[in-house]
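Written out below as structure tokens is the structure these notes cover.
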Amino acid sequence: MRQSSALDILKTGQNVFLTGSAGSGKTYTLNQYINYLRARRVPVAVTASTGIAATHMNGTTIHSWSGIGIKDELSDRDLTNLSRKQFLADRLKDTAVLIIDEISMLHAKQLNLVNQVLKHVRKNDAAFGGIQVVVAGDFFQLPPIGSKGESNREKFAFMSEAWLDAKFHICYLSEQHRQVSEAANGGLDLDDILNQIRRQEVTFEAIAALEATFDQNVDINRTRLYTHNLNVNKINDKELAALEGETMRFEATATGDSKLVETLKKTVRTQDELILKVGAKVMFIKNNTELGVSNGTMGELIGFAAVKIDDSKDTSDDLIEDTAQDAIAKNTKNKAKKDKESKEKPKDKKPTMQKMPVVRLNSGREVIAEPEEWIIEDETGDVLASYLQVPLCLAWAITIHKSQGMTLEAAEIDLSRTFELGQGYVALSRLKSLAGLQLLGMNDMSLQLDPLARGADKRFLVLSEEADANYAMLDEESMKQAHEKFILKSGGTLSKSVIDAYANLQKKRREQQQAQQEKKQKLGNQVSDKSQSTLLATRLLLEESLSIADIAQTRELAQSTIMRHISDLKRQDPSLACVHLRPEDDVMMAVGNAYVAIKVANNPNDFNDNGSVKIKPIYESLKQSIDYNTIRLALIFITP
């Protein structure tokens, strides 16, 4: 089904399950429909099954919106208490359209609860209390988390009583907007392979095409996807340990109900103790429109910038001391305590500076990552639990589970230890083309899908074709009347002036966003200018024939940072005046021989993402006879 056909069906007010393969435009179609409703003043609630997915949709979780929280069942008393909460009751009664994105990750029990609450509060026994419900997702994604021993049959939302009650019209999108066609090059499209997996009719040609990517050199900014946390943590820890320089630790702080805090931790892609070094490959784990980053934005940590903590603002906390842990911990104090303590602060306290990570994004722009807060609120907006941490995680590697919802330009994927049906499909469908894939291995389960999901998908395809054919028989005037009837029934308006005013407002917002992006780009360029400025300061001291230790002391920087400056300067200007730092000839020869041997061996594990040889294999090949810093210094003179 085309997106335009799905929109026509959505506009009639029927309950709809919007599905399709990864990259088929489900989120785009939802956003088109949301804008259509809002332009006509139809009250629409935008939710998703997880906090991460909700962030993508600029919405909230279905658990929070409906008031069900983390419960698996509701008693009559629970329902009575929910209906007595005026804020919640008004919200549920006023809503005409409910959208739930990433339905595949919502447990069947929870969809039943949403249905139960809406019926009770709205005093309407129709499915979901009589409002239009639009669910979107792909059941070939990994299933929701359930209780120990639960089968997928018990977890999938389409097996719930609420699903049957809703009588969803199926809109199965067939167009592809993520994967790039490679047929012109004489090979299989990634889209072709993914569709073969969906049909469970994978050909030898498809397997050969996937296996052929083993020797493929993918983008240096690739993401490594693995099935197990153990592999991911091992790779990230190993890469971090290989980096020289200062280690910074950022401690997370959690407040509120312990069970809700644990729920937050499961959705947040970071650690209670985040350990970072300059040179680390990192990924943002929370959208931030001010920074122009989103969940999944990748980059490299290039330093730690002093950030001003202003103690005078009402939204700030106590005077921050001189550690990042203090900055994070003190930001979690509740408002009552902050108000009380702010009155006791001496008036002469001044803002202090705190070091926070500076990340150079893959786009080249540089941003500062300050602590972010994840919260769970009740229906009145009160915070039940919070989790505060710098919104970064190490990203040399991530698990396939955590990659759901991402679109990647390039990825190194290992499916050799696949343990769950659908893992391979989820991993491969993150990519746009085979050109961005390096597949390290597969096992017998890697390309298999859940049989129940497969059976349901076949049925969804048939129902979608039937719905498409039925609505195609309606003439343009009949379709228009059906659309207008639903708008009026939902309390919306057909006024052209109102619709035009909304369109103008949206246009103005887009222009403002464009202006903000241009401003951020300009600021990013200014940061780059500052980077050149700091290199110049090192160069001036270098030209005075100072040692690395002396330059580091003068500039109050780590010696590893100064060596990185020298390496950058040498690349920019091969005639750089640094010959006085050149190690002895025997050292240069030993490092040079080891460097050449590793280059000839061409083991991918011995190279950095930018193609340069890592220091660690050279260090190990020399049997630790030469220290890390000396090897690093020698490489400045060896490599071009």
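The values are calculated or read from the model by the stated rules, or taken from the named source; none is laboratory data. Note that the structure is predicted; figures quoted are calculated from it, not measured. Please note: Cβ atoms are built from the backbone with ideal geometry, for glycine as well, and neighbour counts cover all protein chains shown. Surface accessibility is based on the protein's heavy atoms, side chains included, excluding ligands, DNA and RNA. Shrake-Rupley method; radii C 1.70, N 1.55, O 1.52, S 1.80 Å.
Assuming R0 = 41 Å, can you tell me the calculated FRET efficiency for the pair Glu484 and Asn124, based on Cβ-Cβ distance, to the nearest 0.05?
Numbers: r = 23 Å, r/R0 = 0.56.
So, using R0 = 41 Å, E works out to roughly 0.95.
Going 7 Å from the Cα of Glu543 toward and past its Cβ, which residues in segment 561-598 have a backbone nitrogen under 15 Å from where you end up?
Under 15 Å, as judged by backbone N against the label point of Glu543, lie 569-570, 573-579 of segment 561-598.
Please give the solvent-accessible surface of Lys614 in Å², to the nearest 10, using a probe radius of 1.4 Å with every protein chain present.
Ignoring ligands and nucleic acids, Lys614 comes out at about 30 Å².
Students sometimes get this wrong: rank Met356, Met589, Met105 by accessible area, probe 1.4 Å, all chains present, largest first. Please report the intermediate quantities before stating the final value.
Numbers: Met356 5, Met589 130, Met105 55 Å².
Result of the area sort, largest leading: Met589, Met105, Met356.
Pulled fully out, how much extra length does the chain show between Arg249 and Leu230, if you take 0.36 nm times their separation in residues and subtract their Cα-Cα distance?
On the way: separation 19, 0.36 × 19 = 6.84 nm, distance 2.12 nm.
Answer, rounded to one decimal: 4.7 nm.
What list of ³J(HN,Hα) couplings, whole Hz, do you get for segment 487-504 from phi and the Karplus terms 6.51, -1.76, 1.60, once you set θ to phi - 60° and write x for glycine and proline?
4, 5, 4, 8, x, x, 10, 10, 4, 5, 5, 5, 5, 5, 4, 5, 4, 5
On a full-extension model of 0.36 nm per residue, what is the gain between Asp94 and Ala558, subtracting their alpha-carbon distance, rounded to one decimal in nm?
On the way: separation 464, 0.36 × 464 = 167.04 nm, distance 5.93 nm.
Gain on extension, Asp94 to Ala558, equals 161.1 nm.
Sort Thr19, Thr561 by heavy-atom solvent-accessible area, probe 1.4 angstrom, most to least.
Working: Thr19 0, Thr561 25 Å².
My answer, sorted largest first, is Thr561, Thr19.
According to a simple spin-label model (label point 7 Å from Cα along Cα-to-Cβ), what is the distance in nm between Ala241 and Arg153?
4.6 nm
Which net charge results for the neighbourhood of Leu274, defined as the other residues with beta-carbon distances under 10 angstrom from its beta-carbon, given Lys and Arg at +1 and Asp and Glu at -1?
Numbers: positive: Arg249; negative: Glu251, Asp272, Glu273.
It works out to a net charge of -2.
With a sphere of radius 12 Å drawn around the Cβ of Leu557, what net charge do the other residues whose Cβ falls strictly inside it have (Lys, Arg +1; Asp, Glu -1)? Please report the intermediate quantities before stating the final value.
Numbers: positive: Arg555, Arg564; negative: Glu246, Asp550, Glu556.
Here the charged neighbours net out to -1.
For Leu88, Leu557, write out the residues from largest to smallest accessible area, computed with a 1.4 angstrom probe and no ligands counted.
Numbers: Leu88 0, Leu557 65 Å².
My answer, sorted largest first, is Leu557, Leu88.
Apply the a/c threshold of 1.5 to the C-alpha gyration tensor of segment 456-514 and tell me whether it is rounded, prolate or oblate. Walk me through the intermediate numbers first.
Details: a/c = 3.03, a/b = 1.64, b/c = 1.85.
Since a/c reaches 1.5 but b/c is at least a/b, the shape of segment 456-514 is classed as oblate.
Take the alpha carbon gyration tensor of segment 206-264, find the square roots of its eigenvalues, order them as a ≥ b ≥ c, and report rounded if a/c is under 1.5; if not, report prolate when a/b exceeds b/c, else oblate.
Values: a/c = 3.60, a/b = 1.64, b/c = 2.20.
Note, shape of segment 206-264 comes out oblate.
Given the Cα-Cα distance of Ala597 and Lys508 and 0.36 nm per residue of separation, how much length would full extension add, in nm? Mind dumping the intermediate values first?
Working: separation 89, 0.36 × 89 = 32.04 nm, distance 5.92 nm.
So the chain would gain 26.1 nm between Ala597 and Lys508.
Work through the residues other than Ile636 whose Cβ is under 14 Å from its Cβ and net out their charges, Lys, Arg +1 and Asp, Glu -1. Walk me through the numbers on the way to the answer.
Working: positive: Arg539, Arg564, Lys570, Arg571, Arg582, Arg632; negative: Glu244, Asp568, Asp573.
With Lys, Arg at +1 and Asp, Glu at -1, the net is +3.
How far apart, in nm, are the 7 Å Cα→Cβ label points at Leu576 and Glu465?
My value for the distance between the label points is 6.4 nm.
Distance in nm between label sites at Leu535 and Ala515, each 7 Å beyond Cα in the beta-carbon direction?
Reported label-point gap for Leu535 and Ala515 is 3.4 nm.
With a ≥ b ≥ c taken as the square roots of the eigenvalues of the C-alpha gyration tensor of segment 1-124, please select rounded if a/c is under 1.5 and otherwise prolate if a/b is larger than b/c or oblate if it is not?
On the way: a/c = 2.11, a/b = 1.58, b/c = 1.33.
Here segment 1-124 falls in the prolate category.
What pairs in Lys123/Lys266; Lys286/Lys489; Lys281/Lys599; Lys11/Lys119; Lys238/Lys599; Lys265/Lys599 have C-alpha atoms more than 31 Å from each other?
Lys123/Lys266; Lys286/Lys489; Lys265/Lys599
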